[in-house]
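A.B. asks: Attaching a single structure in structure tokens format; questions to follow.
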Amino acid sequence: MADRDVPFRDKAIETASREEIKRIQTAGLKKQVEHALNTPFYRGRYKNAGITSPAVISTIADIRKLPFTTKNDLRDAYPYGLLAVPREEVVRLHASSGTTGTPTVIYLTQKDLDMASDTMARSLTAAGGSRGDVVQNMMTYGLFTGGLCFHYGAELMGAMVIPTSAGNTIRQLKFMKDFGTTIIHATPSYLLHLHAAIESEGYDRGELKLRKAITGAEPHSEELRCKIQDKLGIEVYNCYGMSEMNGPGLAFECVYRAGMHVWEDRYIMEIVDPETLEPVPDGETGELVLTILCRDAMPLIRYRTRDLTRVITGPCECGRTHRRIARFTGRTDDMLIINGVNIFPSQIEEVLLRTKGVGANYLIVVEKDGVLDRMTIKVEITPEMFADDTRVINALRERIRDELTALITIRPLVEIKQPGSLPVAEGKAKRVEDLRNS
Ligand code: AMP
Ligand code: ZN
């Protein structure tokens with residue numbers, strides 16, 4: 001591809017020299033540290049570390065003098081412990097997908113939202129999107145950033161956005177055909193589901209104008225990308241983001257689709273050994289740690305994402321100087337991503353433990369059901385409950401299902417088990433059996 005065919009939203013910044021990027025990052029980090037000291041959380045945290053002013057930062061390497069921030073810190077600071085501006089300046093809240101326990105919430109000012117939209121628009125442009133595209137967003141709208149944050153970015157780019165949200169595949173297809181959708185945004189598993197529906201509903205591929213899919217929210221392999229590309233006859237781009245970092249598009253593939261550029265003028269990335277927390281050499285896998293430089297309402301500095309990846313060394317053919325990261329290989333915690341929704345086994349345990357009649361052991365089984373994920377919770381019940389009427393046992397199963405659905409937002413299957421029938425672990429209890437890749 002000739003240079004002139006590589007699309008940019010802001011070529012100067014996307015191809016800035018490494019020195020220029022470092023300069024932006026150092027200045028940005030100083031500003032964020034100063035700003036973070038306005039929040040009760042960082043004031044306390046930094047005071048304990050002897051940090052009282054941004055003077056601690058003179059080069060980007062000084063970031064290592066600052067403590068890390070974790071998801072638990074966000075929960076501890078809930079609801080407003082990380083607010084760095086007057087509450088009246090906040091215009092929107094978002095939260096991590098999946099949980100309705102103590103969620104990890106972020107707050108954004110109008111300027112923060114404009115930044116998030118601009119980052120998303122930059123990403124979509126890098127993937128070859130442009131004004132005039134018809135973008136159908138099949139991600140869930142609501143607290144999850146894959147809905148609104150993607151939406152506003154696509155609009156800013158100049159696309160016509162169809163906010164169909166997730167599910168209702170028949171309607172998705174009708175809109176795709178009738179309005180000439182060119183780009184869709186969905187989880188990788190939903191893309192496969194969509195393909196199956198195109199065939200079963202008797203659509204002719206030629207009736208659809210679809211040319212690209214943006215996918216993310218859950219780990220997927222290069223093989224899966226190729227499969228979706230072949231089946232749908234489109235280009236599929238990997239998109240990374242998280243609510244804590246303003247949602248989708250913080251890292252994105254350019255038209256060469258060879259790893260995701262992290263927008264380093266807006267995010268500082270570190271890759272550390274999850275045990276020692278020391279940086280790993282470029283090219284080695286470790287945990288991604290991110291600092292957001294473009295947020296006023298809620299600074300987050302050295303945030304441990306728990307996502308495992310590596311830097312792809314060497315320049316990208318597109319000419320961008322922002323470094324690329326590889327596809328994620330997993331996480332350093334036990335968070336499960338089920339059909340794009342984040343779930344911690346501890347949340348499930350919490351529900352089970354407080355339910356009368358539930359016994360000592362349980363097992364969470366995750367497997368493929370066609371192209372989507374299916375989760376089954378196998379639960380032992382107490383001998384007294386087991387001796388009870390089937391109707392009572394069925395009612396218990398439905399109660400567990402309802403409570404789990406209320407907490408984790410997806411509806412799992414629940415299988416009631418006889419006391420003592422589930423395998424007992426000899427060492428650390430094995431609570432999750434993830435059979436999706438076997
Ligand atoms: P949420 O805050 O609900 O948007 O969830 C963010 C998490 O989803 C990340 O920390 C990742 O674990 C996962 N995730 C998002 N995008 C991707 C992607 N492209 N590949 C793999 N995992 C992803
Ligand atoms: Zn590139």
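No value in this document is a laboratory result; all are computed from the given coordinates. Just so it is clear, the structure is predicted and the values come from calculations on it, not from any experiment. As a convention, Cβ positions derive from the backbone with ideal geometry for all residues, glycine included, and neighbour counts pool all protein chains shown.
A.B. asks: What full-extension length gain, to one decimal in nm, is calculated for GLU284 and LYS11 as 0.36 nm per residue of separation minus the Cα-Cα distance? Present the calculation step by step, with values, prior to reporting the outcome.
C.D. replies: Numbers: separation 273, 0.36 × 273 = 98.28 nm, distance 2.91 nm.
The span from GLU284 to LYS11 would gain 95.4 nm if fully extended.
A.B. asks: Here is a further query. When averaged across all projection directions, what area in nm² does the alpha-carbon convex hull of the range 20-127 cover?
C.D. replies: 8.4
A.B. asks: Next question, about the same structure. At q = 0.08, 0.13 Å⁻¹, what log₁₀ I(q)/I(0) does a Debye calculation on the Cα points of the chain give, no solvent, two decimals?
C.D. replies: -0.49, -1.21
A.B. asks: Sequence-distant or interchain residues sharing an amide H contact under 5 Å with THR69, placed H: which?
C.D. replies: Result for THR69 returns TYR303, ARG304.
A.B. asks: Is the range 142-200 best put as rounded, prolate or oblate by its Cα gyration tensor, with a ≥ b ≥ c the root eigenvalues, rounded for a/c under 1.5, and otherwise prolate when a/b is larger than b/c, oblate when not?
C.D. replies: Verdict is oblate for the range 142-200.
A.B. asks: Further question: Restricting attention to the range 316-364, which trypsin sites (Lys or Arg not before Pro) occupy a DSSP loop and are surrounded by at most 11 other Cβ atoms within 10 Å?
C.D. replies: ARG354, LYS356
A.B. asks: Return the FRET efficiency for the residue pair ASP273, GLU415: r is the Cβ-Cβ distance, R0 is 45 Å, and the value is rounded to the nearest 0.05.
C.D. replies: E(calc), rounded to 0.05, equals 0.70.
A.B. asks: Need one number: nm distance between label points at ASN437 and GLU367, each 7 Å from Cα along Cα→Cβ, rounded to one decimal.
C.D. replies: Modelled inter-label distance: 1.9 nm.
A.B. asks: Which whole-number percentage describes the relative contact order of the range 3-333, with Cα contacts under 8 Å and a sequence gap of 6 or more?
C.D. replies: Values: 667 pairs, mean separation 62.8, N = 331.
It rounds to 19 percent for the range 3-333.
A.B. asks: In addition: Show me the GluC sites (Glu not before Pro) within the range 164-260 that DSSP assigns to loop and that have at most 12 other Cβ atoms within 10 Å of their Cβ.
C.D. replies: GLU201
A.B. asks: Same structure again: Compute, for the chain, the length of the dipole vector about the Cα centre, with Cβ point charges of +1 (Lys, Arg) and -1 (Asp, Glu) only. Units Debye, rounded to 20.
C.D. replies: That gives a dipole near 540 debye.
A.B. asks: Report the one residue of GLN418, VAL358, ALA258 whose Cα lies farthest in the direction of the positive end of the charge dipole of the chain (charges on C-beta: Lys and Arg +1, Asp and Glu -1; origin at the Cα centre).
C.D. replies: Farthest along the dipole direction, towards plus: ALA258.
A.B. asks: Still on this structure: In the chain, if the dipole is taken from +1 on Lys/Arg beta carbons and -1 on Asp/Glu beta carbons about the Cα centre, which of LEU435, VAL161, LEU82 is farthest to the positive end?
C.D. replies: LEU82
A.B. asks: Give me the Kirkwood hydrodynamic radius of the range 338-434 in Å, from all C-alpha pairs, to one decimal place?
C.D. replies: It is 13.8 Å.
A.B. asks: Going down the table (LYS30/LYS111; LYS174/LYS368; LYS71/LYS209; LYS22/LYS231; LYS111/LYS231), which pairs top 31 Å between alpha carbons?
C.D. replies: Beyond 31 Å between Cα atoms: LYS71/LYS209; LYS22/LYS231; LYS111/LYS231.
A.B. asks: If the viscosity is 0.692 mPa s and the temperature 37 °C, what translational diffusion coefficient in µm²/s does Stokes-Einstein give for the range 190-264 when Rh comes from Kirkwood over Cα pairs?
C.D. replies: Estimated via Stokes-Einstein, D reaches 243 µm²/s.
A.B. asks: Further question on the same structure: Using just the helices of the chain, give the 222 nm mean residue ellipticity in deg cm²/dmol: DSSP H runs with n ≥ 4 each add -39,500 (n - 2.57), and the total is spread over all residues, rounded to 500.
C.D. replies: Computed mean residue ellipticity for the chain: -9500 deg cm²/dmol.
A.B. asks: Another one. What is the sum of charges, Lys and Arg at +1 and Asp and Glu at -1, for the other residues whose Cβ falls under 11 Å from the Cβ of ILE21?
C.D. replies: Computed value for this residue: +1.
A.B. asks: Restricting attention to the range 279-330, which GluC sites (Glu not before Pro) occupy a DSSP loop and are surrounded by at most 16 other Cβ atoms within 10 Å?
C.D. replies: Those that pass, being in a loop and sparsely packed, are GLU284, GLU317.
A.B. asks: Roughly speaking, what is the centre-to-centre gap between the range 1-59 and the range 209-249 when only Cα atoms are used, to the nearest Å?
C.D. replies: 28
A.B. asks: Grab the beta carbon distance between TYR256 and ASN72, set R0 = 35 Å, and tell me the FRET efficiency rounded to 0.05.
C.D. replies: According to the calculation, E is roughly 0.40.
A.B. asks: Also, I was wondering about something else. Under a Cβ-only charge scheme (Lys and Arg +1, Asp and Glu -1), can you give me the dipole magnitude of the range 308-438 about the Cα centre, in debye to the nearest 20?
C.D. replies: Taking the Cα centre of the range 308-438 as origin, the dipole is about 680 debye.
A.B. asks: Another question about this same structure. THR390 versus ALA55, label points 7 Å from Cα toward the beta carbon: distance in nm?
C.D. replies: 7.7
A.B. asks: Under a plain spin-label model, where a point goes 7 Å from the Cα along Cα-to-Cβ, how far apart in nm are ASP334 and TYR203?
C.D. replies: 4.0
A.B. asks: Next up: Among residues other than LYS65 whose Cβ falls under 15 Å from its Cβ, what is the net charge (Lys/Arg +1, Asp/Glu -1)?
C.D. replies: +1
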